[in-house]
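K.L.:
Let me give you the structure first, and then I'll get to my questions.
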Amino acid sequence: MPTGGAPGVPFGTEAGAAGVPLGEFALLDVDRRRRTGVPEVVYGEGKTPEQIFALLAELRARDPEAPALATRCPADVLDGAANRFPGDAVNADHVAGTLAVGALPPARGNVLVVTAGTTDLKVARECAATLAVAGLGRLLSRLDDLRAAECVVVVAGMDGALPSVVAGLVSAPVIGVPTSVGYGVAAGGLAAAASMLASCSPGLVVVNIDNGFGAAAHAAKIIYAVHR
């Protein structure tokens, strides 16, 4: 889904089945939204600001009815986006590192994003920026919200226990997002990921560590299937 290409391999100048070439640094899958319901997204980490802006501009040109999204953007990209796209709505989230260029579509469906704590907020905001419930102690007070959701994304580091708890309380599908938050044996999120994958709570699926984007894409497919 994120754009990119093999280092040192030129893409050429003609569009083909693999995507639309942009210089020698990316192939854009401009047909992804029609095929899958989830658009091509620019993964900003490791790219220059000029590359990110060029990719976003091409995505907007190819699909002007939809916003173009970049994740893991550096601060200079987020700060400079409004000047680079003066005719477009620009939504830059400095916490998540995300940048959306173009008007956002009307919301539909109900996905709730829950975090285990403030340190997980960056990944939760990358996923949906919808709602953060900080800590298990506040969980039961939001039980009505949880049970009203059609999908729940739960973001947690440390021991990664919160998704199992939530999955045991709701009938909606639950997506667990382990984060790289924790000390020592938390091992950069491996402990949280292993805990979620070993959960005995039915209806819980788990994405990769810090992969808020992947969780959002899966939640969007669930909502699309419910409301199409």
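The values are calculated or read from the model by the stated rules, or taken from the named source; none is laboratory data. The structure displayed is predicted, hence computed values, not measured ones. Neighbour counts are summed over all protein chains in view; Cβ atoms, including those assigned to glycine, are modelled from backbone coordinates with ideal geometry. Surface areas here come from the heavy atoms of the whole protein model, side chains and all, with no ligands, DNA or RNA. Shrake-Rupley method; radii C 1.70, N 1.55, O 1.52, S 1.80 Å.
K.L.:
Would you rank Y224, Y183, Y43 by solvent-accessible area, highest first, keeping every protein chain in place and using a 1.4 Å probe?
P.N.:
Greatest to least solvent exposure: Y183, Y224, Y43.
K.L.:
Okay, moving on. So what does K221 come to for accessible area, using a 1.4 Å probe and Å² rounded to 10?
P.N.:
100
K.L.:
Provide the solvent-accessible area of C200, counting protein heavy atoms only and rolling a 1.4 Å probe, rounded to the nearest 10 Å².
P.N.:
About 130 Å², rounded to the nearest 10.
K.L.:
Could you sort L55, L143 by their accessible area in this structure, using a 1.4 Å probe and putting the largest first?
P.N.:
Largest accessible area first, the list is L143, L55.
K.L.:
Using only protein heavy atoms and a 1.4 Å probe, report how much of E150 is accessible, in Å² to the nearest 10.
P.N.:
Per-residue accessible area (E150): approximately 60 Å².
K.L.:
Still on this structure, I have one more. If r is the Cβ-Cβ distance from L169 to H94 and R0 is 30 Å, what FRET efficiency results, to the nearest 0.05? Spell out each step's value before the answer.
P.N.:
On the way: r = 32 Å, r/R0 = 1.08.
That pair, L169 with H94, gives E of 0.40.
K.L.:
From the protein chains alone at 1.4 Å, what is the descending order of accessible area for I209, I52, largest first?
P.N.:
Final ranking, largest accessible area leading: I209, I52.
K.L.:
A75 to V205: FRET efficiency via 1/(1 + (r/R0)^6), r the Cβ-Cβ distance, R0 41 Å, to the nearest 0.05?
P.N.:
0.80
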